[in-house]
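J.: Quick one: this structure, given as structure tokens, is what I'll be asking you about.
Laboratory data are not the source of any read-out in this text; all were calculated from the coordinates shown. Everything numeric here is computed off the predicted structure, so don't read it as measured data. Every residue, glycine among them, receives a Cβ derived from its backbone with ideal geometry; neighbour counts consider all protein chains shown.
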Amino acid sequence: MSSRSRIRAALVVLLTAAGLLAGQAAGATPSQPAGAGKGWTGTWASSMMRPSPGFEPNWSEEGFANHTVRQVVRVSAGGAAARVRLSNVFGTKPLKITGATVARSAEGASVRPESLRHLTFRHSRSVVLPPGREMASDPVPLRVSPLDSLTVTLYLPRATGPATNHSFANATSYRASGDHSADPGGDAFTETTQSWYYLAGVDVTGVPPRRDAVAAFGDSITDGALSTADANNRYPDELAELFASKGKPRGVLNAGIGGNRVLTDSPCLGERATARFKRDVLDEPRVGTAVVLEGINDIGFGELEPSPDPCFSGGPDVTAAELIAGHRELIRQAHKRGTTVVGATLLPYKGAQYYSERGEAVRDQLNEWIRTSGAYDRVVDLDRIMAAPDDPDLLNPAYDSGDRLHPNDAGYHAMAVAIAPSLR
């Protein structure tokens, strides 16, 4: 055995002795989620969704069979070792994985060969994940630095059925036929999509035991819609960069889902915020603060016409009082766990496809409540910060991606700069 191999083996033994084996999470119950466990801090996360057509073609409805899926993520905080969390929470059949690796990313689907590590689950390279469950890998002796890009590769030997996923990743994932989980090169990965599959989170250990991870919770504006693909310019990514630039990196977890609503479930746009908040925020390891930015889709979908498409049909008209009740429920859940919760006012959206004067009145009332009620522990007034200088109801053109609703890269950076001081 080489000296490098002996060091890796020794680290795994130490982590096991310390009770950090993620295999314990394989038997997770609702009271012991896969994200739980002493010693771990979330460094990257993605909110899982039901299989659906999404906004653009993806592989979630057809699933996989004898496929290798390679996915690239950028972490926020670093650590001495890592683990990967997988989810079959919306699956309808057991998910079998017979090869999984993690490595530092290179160009495209390639990885740095010297960094490639095999993932194990209870010391086995093969695992079956039951429907409705999440599971974390055993610790991986791979030192992770803040803002590293990691590539997670899964080999799925048999038909998976529809796949638990995150539809709007705004990042390229790769697929190959056959088992290429340990390939350092990317030549076999000839298919691409802009979604993540089964990949719920990456955690690190060997960092100071502070409960200082931040969960950014919301809709497409948190998810980073219309930011530059593969550039990590979503506002939570920008937050992670700000922390790292000051020499104080911390976990920043993106719990945004495009199209998500506070009060209404969608077959394609995620469970309602009040239902998914526990899994996507409170069950994440060492989350001490949540930033809530959500409600514009509840308002806007009420203005859309009914449609045969269940994903994008109009929704119920909502009142400010109903949305306030939904926000109060999120705050209640957070405070029950001792989590600080920051409320962000809804951005201006005049001129967006589903804008209306009625909706604007609801947005104004909700924003005023967020500002003045004292219900949130802290408030970030994105409504005013992101508004056009000459029109408070219009998104600043300098920050507008072009649809009058979603910020561009500069806008997401401005959001991060505004939010960062509230995360002390």
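J.: Relative to the longest principal Cα axis of the chain, at what angle does helix 409-419 sit, 0 to 90 degrees, rounded to 10?
T.: Compared with the principal axis, the helix lies near 80 degrees.
J.: Per residue, how big is the convex hull of the chain when only Cα atoms are used? Give it in Å³. Before the final figure, lay out each step's value.
T.: On the way: hull volume 55.2 nm³, N = 424.
With only Cα atoms used, the chain gives 130 Å³ per residue.
J.: Let me ask you something else. Summing Lys, Arg as +1 and Asp, Glu as -1, what charge do residues with Cβ under 11 Å from the Cβ of ALA225 carry, ALA225 excluded?
T.: -2
J.: Calculate log10 I(q)/I(0) of the stretch 126-185 for q = 0.18 Å⁻¹, where I(q) comes from the Debye formula with a single equal point scatterer on each Cα and nothing for solvent.
T.: -1.02
J.: State the extension gain, in nm to one decimal, for the chain segment bounded by GLU360 and GLU56, taking 0.36 nm per residue of separation less the distance between their alpha-carbons.
T.: Extra length available between GLU360 and GLU56 comes to 106.6 nm.
J.: A further question on this structure: Report D for the stretch 210-422 in µm² per second (integer): Stokes-Einstein, Kirkwood Rh on Cα pairs, 37 °C, 0.692 mPa s.
T.: Once the numbers are plugged in, D ends up at 192 µm²/s.
J.: Could I have the simple spin-label model distance between HIS335 and LYS248, label points 7 Å from Cα toward Cβ, reported in nm to one decimal?
T.: Between HIS335 and LYS248, the simple spin-label model gives 2.6 nm.
J.: I need to check one value: relative contact order of the chain, counting alpha carbon pairs closer than 8 Å and at least 6 residues apart, in percent.
T.: 17
J.: How large is ³J(HN,Hα), in whole Hz, for each residue of the stretch 42-49 in order, when computed from phi with the Karplus curve 6.51 cos²θ - 1.76 cosθ + 1.60 and θ = phi - 60°, using x for Gly and Pro?
T.: x, 10, 7, 7, 9, 6, 7, 9
J.: Restricting to DSSP H runs of at least four residues, report the calculated mean residue ellipticity at 222 nm for the chain, -39500 (n - 2.57) per run over all residues, nearest 500 deg cm²/dmol.
T.: Calculated mean residue ellipticity at 222 nm is -6000 deg cm²/dmol.
J.: Would you order LYS93, LYS246 from fewest to most other beta-carbon atoms within 10 Å of each residue's own beta-carbon?
T.: LYS246, LYS93
J.: Please report, in debye to the nearest 20, how large the charge dipole of the chain is about its Cα centre when each Lys and Arg carries +1 at its beta carbon and each Asp and Glu carries -1 there.
T.: My answer is approximately 2600 debye.
J.: Counting Lys and Arg as +1 and Asp and Glu as -1, what is the net charge of the other residues whose Cβ lies under 9 Å from the Cβ of ALA82?
T.: Numbers: positive: ARG83, ARG117, ARG143; negative: ASP203.
Around ALA82, the surrounding residues sum to +2.
J.: What order do you get for LYS278, LYS248 when you list them from fewest to most C-beta neighbours inside 10 Å?
T.: If I rank by nearby Cβ atoms, fewest first, I get LYS248, LYS278.
J.: Count the net charge of all other residues whose Cβ sits under 12 Å from the Cβ of PRO130, scoring Lys and Arg as +1 and Asp and Glu as -1.
T.: Combined, the nearby Lys, Arg, Asp and Glu give +2.
J.: Can you list the GluC sites (Glu not before Pro) in the stretch 53-124 that are in a DSSP coil and have 15 or fewer other beta carbons within 10 angstrom?
T.: Those that pass, being in a loop and sparsely packed, are GLU61, GLU62, GLU107.
J.: Quote to one decimal, in nm, the extra length available between ARG328 and ALA398 on full extension: 0.36 nm per residue of separation minus the C-alpha distance between them.
T.: This chain segment gains 21.9 nm when fully extended.
J.: Then there is this: In cubic angstrom, how much convex hull volume per residue do the alpha carbon atoms of the stretch 46-201 span? It would help to have the intermediate numbers written out before the result.
T.: Details: hull volume 14.8 nm³, N = 156.
It comes to 95 Å³ per residue, whole-number rounded.
J.: Let me ask something else. At 0.36 nm per residue, minus the direct Cα-Cα distance, what do ALA188 and SER149 gain on full extension? Give it in nm, one decimal, please.
T.: That works out to 12.0 nm of additional length.
J.: Give the order of LYS336, LYS350 when sorted by the count of other beta carbons within 10 angstrom, beginning with the fewest.
T.: Result, fewest neighbours first: LYS336, LYS350.
J.: While we're on this one: Rounding to the nearest 10 and keeping the result within 0 to 90°, find how far the Cα-based axis of helix 357-372 lies from the longest principal axis of the chain.
T.: 70
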